[in-house]
Amino acid sequence: MWFSNGQCFRLCPVSLGFALGLTSALALIVWAIWTKIQGVPPMMADVMPALTFMNVLIHALWAFARGFVFGFLIALFYDFCCWCKEKCYKKSV
């Protein structure tokens, strides 16, 4: 944890969630474009659904939602750890 005078810097859950969600969605879109240009890898041909624009959009939105929730929870957990550390630090000093 990053400390400054006994306090750690807090993370904004919405910002981290948005950043991870956007990164996940963009990674999925780039992967979909790559598979459209290069073709589907042979080992994934049986399990991969057809890549249509609507299918990619739905999966990108789902990736954004999952990334947002994951980032939001990670930031909340980090902030909780900072809060606990500050409580312990104030009691020991």
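Each reported figure results from applying straightforward, stated rules to the coordinates on display, with no laboratory input. Every value quoted in this text rests on a predicted model; they were computed, and no experiment measured them. FYI the Cβ positions are ideal-geometry reconstructions off the backbone, even for glycines, and counts take in every protein chain you see.
No other residue among 28, 11 is surrounded by 15 or more Cβ atoms within 10 Å (Cβ to Cβ) and part of a loop (DSSP other than H, G, I, E, B) apart from 11. Out of the residues in segment 52-92 meeting the condition of being within 15 Å of residue 16 (Cα to Cα) and of a type in the set (D, E, K, R), tell me which one is surrounded by the fewest Cβ atoms within 10 Å (Cβ to Cβ). Restricting to residues being within 15 Å of residue 16 (Cα to Cα) and of a type in the set (D, E, K, R), the top hit is 66. Taken over segment 32-51, the residue count meeting the criterion of being loosely packed, with under 14 Cβ neighbours inside 10 Å and either touching a residue at least 60 places away in the same chain (Cβ under 8 Å) or part of a helix (DSSP H, G or I) (or both) is 8.
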